[in-house]
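For reference, the structure discussed in these notes is given below.
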Amino acid sequence: MTTTVETVTGAAETMVLNMGPQHPSTHGVLRVVLELNGERVVKARPVIGYLHTGIEKTCEAKTYSQVIPLTDRIDYLAPLSNNLCYCLAVEKLLGLEVPKRAQYIRVLLTELTRISSHLVWVGTHAIDLGAMSVFLYSFREREELQKIFEMVSGQRMMTSYFRIGGLALEPPPGYLDRIQRFLDVFPSRIQEYEDLLTKNRIWMGRTQGVGTLSAEDAIAFGVSGPSLRGSGVAYDVRKFFPYSSYEEFDFDVPVQTAGDCYARYLVRVAELRESMKIVRQAIEKIPAEGPIRTNAPGIVPPPREEMKTSIEGLIYHFKIFTEGFATPPGEVYQAVESPRGELGFFVASDGSAKPHRVKVRAPSFVNLQALPRLVEGRLLADVVACIGTIDIVLGEVDR
Amino acid sequence: MEPREPENDDAVVRKLRERSPQAVSEVLEFRGERTLVIPAAHLLTTAEFLCSDAELQFSFLSDITAVDHFPIEPRFDLNYHLLSLTRRERLRLKVRVAGGDPVIPSVVNVWPAANWHEREIFDLFGVRFEGHPELSRILMPDDWEGHPLRKDYPVEGYR
């Protein structure tokens, strides 16, 4: 993080413009130092680190279970994706198998998270480019999703609902009906956003041909998620390396080849529909009864009733919440498809109850590297479109 | 982690050893993940080969991380997480670096994505990357003292 603005030497006709870190279109505290020739961007340099909170260092001082609430705060628009990725990584380290019912509920909720995150994206991206009303509509639907998350986990945003070995609690009665009611109205709502944007002349003018990224460049910069699929590469972790029973679900991976902001918009809108498809299948698949946690004494807390009635249950409960549990020494890397791309957790264990090292492969951090490639040579006004289109969350960029 | 030696039972290891017998010093397998330990001197040539080989095509660099084993030497592990989109395969390269003056060749010219990953490791671990175009701090302020993710750096910071 460099906090000064350098003057450009030897270039008389260019000027340096500092954009951010306090700027509404940077979606947080991103700073971009732009070198301009008139209105053309000659050079762009993203400066990050304003939101660095040392989460990875903090993880090393916590037990494995205590890390879960920290993962919520990495990508705060998709907390359940982070919960899932971290839990899968630790489960892989321990060699734990999670009951099918819990796996399906995990799929259900992470897909709702994807919808919720894409709704924030479509609303804020449109507002950046001057279309006010989409924001109001998309946040209306997001509010319903937040209420569903609150109903299931007790929290609107920082859910911490997935735990190592399963779920935190039994989902409340009627949660599937509520999700079903949301699904019944949501297709017409997607149609509303599309009516406002997809054939809108101004929207097309602001996004088509803007911020073009070729497939080769996207791969070279490690770009993943909708930003990569907008450039014609059909890489989706759910299809390539299925986790949490995604191989049992039938869905398509939307791909566009143009590689511009409009293509990435189309990919994300199509993903809203695909996620809905997965949620519908999950509702069908989830058994009404069954364990939500795997049976692993000493690692997964026993059911509440057992803790209250049996001495072993009480001992395990006490030991898990005071000293945690030891893991076999080793290193694992687990990736999931978060709304922003390949989210990865690398967990190294030295055999103790605290992780030796936790590294988050944050998709926003990697995708942001491609920003100069998107904006250089284009107009200053396009910078706003390009920052919006890669869908960054600064909490995840800086960690 | 169980060392899996010495049979060359997969295509990647076989190809690498065919090119240069010392290119892979160890093959580790843990929870179905394959790790190749590469001597630092062979890192650049191995990276170039894995990225450009028509059959392997590990052209997608997911991530680079470091692990600090202080006070054990060699102190740092650098892990390169590679992905081959054509083979649908992941691979981890591991390079061990001694703690005294940690230097390692940069792979930015092979995978441009390495740029920010290497800056982050430089910032938080103090490992220098030779040949990196702009090796400067990325998350911490420029005038920060110390490298926070090192094990001898206190969690609360220096007060």
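The values are calculated or read from the model by the stated rules, or taken from the named source; none is laboratory data. Here the structure is a predicted model, which is why all the values come from computation and not from measurement. Please note: Cβ atoms are built from the backbone with ideal geometry, for glycine as well, and neighbour counts cover all protein chains shown.
Annotations for the structure displayed:
- Scope the stretch B:70-79; condition within 11 Å of chain A (Cβ to nearest Cβ), more than 14 Å from B:G126 (Cα to Cα) and touching a residue at least 12 places away in the same chain (Cβ under 8 Å); matching residues: B:N79
- Number of the condition not met by B:I138 [criteria: (1) more than 8 Å from chain A (Cβ to nearest Cβ); (2) among the aliphatic types (A, V, I, L, M); (3) touching a helix residue (DSSP H, G or I) at 6+ places or on another chain (Cβ under 7 Å)]: (1)
- For A:G324, the requirement of being in contact with a helix residue (DSSP H, G or I) (Cβ under 7 Å, 6 or more places away or on another chain), farther than 30 Å from A:W121 by Cβ and in contact (Cβ under 8 Å) with a residue 12 or more places away in the chain is met.
- Leading residue by the ranking (surrounded by the most Cβ atoms within 10 Å (Cβ to Cβ)) among those in the stretch A:264-292 that are charged (D, E, K, R) and within 14 Å of A:F251 (Cα to Cα): A:E271
- Residues located in the stretch A:339-380, provided they are over 27 Å from A:L272 (Cβ atoms) and without any contact (Cβ under 8 Å) to a residue 40 or more places away in the chain: A:A348, A:D350, A:G351, A:S352
- Criterion: more than 14 Å from every other protein chain (Cβ to nearest Cβ) and buried (at least 21 other Cβ atoms within 10 Å of the Cβ) - qualifying residue of A:P355, A:P363, A:P339: A:P339
- If you go through the stretch A:185-211 and keep only what is buried (at least 18 other Cβ atoms within 10 Å of the Cβ) and under 19 Å from A:I387 (Cβ atoms), you end up with A:L197, A:W203, A:R206, A:T207, A:V210, A:G211.
- Residue list for the stretch B:81-108, filter: of a type outside the set (A, V, I, L, M, F, W, C), more than 11 Å from chain A (Cβ to nearest Cβ) and assigned to a loop (DSSP other than H, G, I, E, B): B:G99, B:G100, B:D101, B:P102, B:S106
- Condition met for A:I283 (modelled with pLDDT of 90 or more, under 20 Å from A:L169 (Cα atoms) and under 31 Å from the mean Cα position of the chain (by Cα)): yes
- Total residues in the stretch B:109-134, condition touching a residue at least 24 places away in the same chain (Cβ under 8 Å), within 13 Å of chain A (Cβ to nearest Cβ) and not acidic (D, E): 9
- Close pairs (9 angstrom Cβ cut-off, 6 or more residues apart or separate chains): at positive phi and away from chain B (no Cβ under 11 Å) in the stretch A:229-241, part of a loop (DSSP other than H, G, I, E, B) and polar (S, T, N, Q) anywhere: A:G232/A:S214; A:G232/A:Q256; A:G232/A:T257
- For A:G344: the one exception among (1) out of contact with any strand residue (DSSP E or B) (no Cβ under 9 Å at 6 or more places or on another chain); (2) surrounded by 17 or more Cβ atoms within 10 Å (Cβ to Cβ): (1)
- The set of residues from the stretch A:169-209 being closer than 27 Å to A:V41 by Cα, hydrophobic (A, V, I, L, M, F, W, C) and over 24 Å from the mean Cα position of the chain (by Cα) comprises A:I202, A:W203, A:M204.
- Listed conditions (1) more than 20 Å from A:R399 (Cβ to Cβ); (2) under 13 Å from the mean Cα position of the chain (by Cα) are all met by B:D101, apart from (2).
- Members of the stretch A:304-336 that are facing chain B (nearest Cβ under 10 Å) and within 25 Å of the chain's Cα centre (by Cα): A:E331, A:V332, A:Y333, A:Q334, A:A335
- Looking across the stretch A:178-227, the residues that are within 14 Å of another protein chain (Cβ to nearest Cβ) and more than 27 Å from A:F139 (Cβ to Cβ) come down to A:L213, A:S214, A:A215, A:E216, A:D217, A:A218, A:I219, A:A220, A:F221, A:G222, A:V223.
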